[in-house]
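Each reported figure results from applying straightforward, stated rules to the coordinates on display, with no laboratory input. In this text the structure is predicted, and so the values were computed from the model without any measurement. Every residue, glycine among them, receives a Cβ derived from its backbone with ideal geometry; neighbour counts consider all protein chains shown.
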């Protein structure tokens, strides 16, 4: 997965300190992140897409990113993620809870407004 973010350095704390991903590589344009061998993702700064006219217009819009999409990450303790998110001032939209289908999750937003559901299969 690759997410376009306004600024790499401002985006990293959510992924590293809240979600618990490890930075494999980072510079002002790009970051590669992982959690064990199962979760890998990338971040690209908006300016890395400056040469692509359709993206420039879209990325210039203010507001939350990814409306209508929810990024689900399985295998990370949602209670710990929620606690770290609250401590660092990130928005928690749905506190950690166990749903009827057996998935325990919390839903929260990164600094760009992307929605994440982080959780584990309970019981």
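Which numbered condition trips up residue 64, out of (1) under 20 Å from residue 10 (Cα atoms); (2) loosely packed, with under 14 Cβ neighbours inside 10 Å; (3) free of Cβ contacts under 8 Å to residues at least 40 places away in the same chain; (4) within 17 Å of the chain's Cα centre (by Cα)?
Against the list (1) under 20 Å from residue 10 (Cα atoms); (2) loosely packed, with under 14 Cβ neighbours inside 10 Å; (3) free of Cβ contacts under 8 Å to residues at least 40 places away in the same chain; (4) within 17 Å of the chain's Cα centre (by Cα), residue 64 comes up short only on (3).
Within region 45-57, can you find the residues that are over 17 Å from residue 9 (Cβ atoms) and in contact with a helix residue (DSSP H, G or I) (Cβ under 9 Å, 6 or more places away or on another chain)? I'd like the intermediate steps shown before the answer.
Here is the first cut: in region 45-57, the residues over 17 Å from residue 9 (Cβ atoms) are 49-57.
Scanning region 45-57 gives 49, 50, 55, 56.
In region 13-28, which residue that is out of contact with any helix residue (DSSP H, G or I) (no Cβ under 9 Å at 6 or more places or on another chain) and touching a residue at least 24 places away in the same chain (Cβ under 8 Å) is nearest to residue 119 (Cα to Cα)?
Initially, region 13-28 is screened for residues out of contact with any helix residue (DSSP H, G or I) (no Cβ under 9 Å at 6 or more places or on another chain), giving 13, 15-16, 24-25.
Now narrow it down to the ones that are touching a residue at least 24 places away in the same chain (Cβ under 8 Å): 13, 15.
Values: 13: 19, 15: 15 Å.
If we take residues in region 13-28 being out of contact with any helix residue (DSSP H, G or I) (no Cβ under 9 Å at 6 or more places or on another chain) and touching a residue at least 24 places away in the same chain (Cβ under 8 Å), then 15 is nearest to residue 119 (Cα to Cα).
Suppose the filter is more than 13 Å from the chain's Cα centre (by Cα), touching a residue at least 12 places away in the same chain (Cβ under 8 Å) and under 24 Å from residue 6 (Cα atoms); does residue 50 pass it?
Spelling it out, it is not the case that residue 50 is more than 13 Å from the chain's Cα centre (by Cα), touching a residue at least 12 places away in the same chain (Cβ under 8 Å) and under 24 Å from residue 6 (Cα atoms).
On the given criteria, is residue 84 within 20 Å of residue 122 (Cβ to Cβ), touching a residue at least 24 places away in the same chain (Cβ under 8 Å) and touching a helix residue (DSSP H, G or I) at 6+ places or on another chain (Cβ under 7 Å)? It would help to see each step written out before you state the result.
Details: within 20 Å of residue 122 (Cβ to Cβ): yes; touching a residue at least 24 places away in the same chain (Cβ under 8 Å): yes; touching a helix residue (DSSP H, G or I) at 6+ places or on another chain (Cβ under 7 Å): yes.
Against the criterion (within 20 Å of residue 122 (Cβ to Cβ), touching a residue at least 24 places away in the same chain (Cβ under 8 Å) and touching a helix residue (DSSP H, G or I) at 6+ places or on another chain (Cβ under 7 Å)), residue 84 qualifies.
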